[in-house]
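Encoded as structure tokens, the structure appears first; notes follow it.
The values are calculated or read from the model by the stated rules, or taken from the named source; none is laboratory data. Every value quoted in this text rests on a predicted model; they were computed, and no experiment measured them. Counting neighbours? That spans all protein chains shown, and the Cβs are built from the backbone with ideal geometry, glycine included.
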Amino acid sequence: MPTLPTLSHSTAYFVQGVKLQLATLAESYLLKDELKLNPAAVSLVFSIAHLPWILKPLYGMVSDAHPLPFPGSARRERRRPYLVLCGLGGAAAFALLALSPPSRNLALACMTAGELAIAFSDVVIDALVVERARGEPQATSGALQSLSWGAQAVGSLSSAWTAGALIQAVGPRPVLGLMAAFPLLIAAAALWVDEGRLTKPSRSRSLEGGSGDSDSPSAASPSRGSALRPSLTTQARSLLAAVATPTTLAPALFILGYHASPHAGTALFYFYNNELAFTPEFIGRIALLDGVAQLAGVALFNARLKSVPLASIFTWVVWLGAGASATQLLLVTRLNQTLGIPDKAFAAVDSVLLTALGRVALMPVLVLAARLCPTGVEASLYAMLMSLSNLGSGVGDALGAALTAALGVTAHRFDGLPALVAICAVGRLAPLLLLPLVWGVDGE
């Protein structure tokens, strides 16, 4: 039995990486080719389906406050039952999506359920690792963080390599059927977790808000479960109080605003396929390059930007992101051909640049989140800040969907696409208005 839950932890993050590439690309083609949805509708479907990622703090509080029975265990547990349920639920959601008749509402329900399973398991596995690593040397936390990035990168890159080719060869539904097997890995890995050894008794409230002694025999009794329920309310109050402090609220607003700028990604996906005739295999290759760009962004931050003030990084990322987005105008107006730049090369380089900048922007957000977490609600506050990032992305998708519809961009009509790209590029500059809030925090 390993001293750290490395198997379950790395498995959960590997499945996340596979979901990011394999399932997302297959879902995009399912909505586009089989359900015949227009770009605005697809953007809206994805923004709704990603709502479970906004509720991540709730999942941690629920699993902390409400332990469940587990076969073969004499007590209720807070981690393994939820991991098994997430694995089985995620597998069922993707299997139903693969086998279901063409229906937008059913597809939306299955996609949302799949996202819920992955998001919930993400929170539970992180809580389990934090619980076990408490009191360990700092190197342990760093090793686990590296394990997370590494496992997710392996899942993302390996699936990106094959996703497009598989979709081109057999279509999106068989690929979604293949995706249904991966959440089962989370359920299987949970069986190797010894929650009794990983849960350390403590006289104080645990990091996630539980009592810290749920591994005692009394945790299995109904009275003990009742005693745990008030911790959900108590933790929620503590979390809200922490978020309401000026040093936390100001950067949180910037995180939300940065990710809430409108996105033209879905309209460009249709443009690539229906106007430029990019194949699913080539789209998959772009996804592979994006995965490499994410790792490059992390390496750049660690090598050159760790000591740079956060607000300075944000300033450059906002300006460079807006500039890179504006260059998409060359592609959608076909000026790249006048300049002698092939469509595929332009699209690939542009996507890689934007992806690398996005990862560089995310890294200081993670550092900022770690700096702002007060004692007692570290995991919950960190999850809330990341949820604000997800909320911002959902808002950006919804704004992009509204603009796409308003400008008349459809599956085969792209006259309004240059205006959409231009508006989104200018919208990327809006977070500059929030930078003074970050400067105030950064200077403390």
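Overview of results
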quantity	calculated
Unmet requirement for GLY291, which otherwise passes all of (1) outside any helix (DSSP H, G or I); (2) buried (at least 22 other Cβ atoms within 10 Å of the Cβ); (3) out of contact with any Lys or Arg (no Cβ under 7 Å at 6 or more places or on another chain)	(1)
Qualifying positions in the range 271-281 - surrounded by fewer than 20 Cβ atoms within 10 Å (Cβ to Cβ) and in a helix (DSSP H, G or I)	ASN273, ASN274, GLU275, GLU281
The range 94-131: number of residues that are hydrophobic (A, V, I, L, M, F, W, C) and either outside the structural domain of PRO52 (by TED's automatic domain parsing) or modelled with pLDDT under 90 (or both)	7
Some residue of the range 301-308 being buried (at least 16 other Cβ atoms within 10 Å of the Cβ), among the aromatic types (Phe, Trp, Tyr), assigned by TED's automatic domain parsing to the domain that holds ARG285 and touching a residue at least 24 places away in the same chain (Cβ under 8 Å)	yes
Positions within the range 58-74 being crowded, with 18+ Cβ neighbours inside 10 Å, farther than 17 Å from ALA119 by Cβ and out of contact with any Pro (no Cβ under 6 Å at 6 or more places or on another chain), in sequence order	ALA65, PRO67
Residue check for LEU268: touching a residue at least 12 places away in the same chain (Cβ under 8 Å), surrounded by 23 or more Cβ atoms within 10 Å (Cβ to Cβ) and in contact with a helix residue (DSSP H, G or I) (Cβ under 8 Å, 6 or more places away or on another chain)	yes
Which listed residue, of ALA267, ALA252, ALA311, is within 17 Å of PHE346 (Cα to Cα), touching a Leu at 6+ places or on another chain (Cβ under 8 Å) and part of a helix (DSSP H, G or I)	ALA267
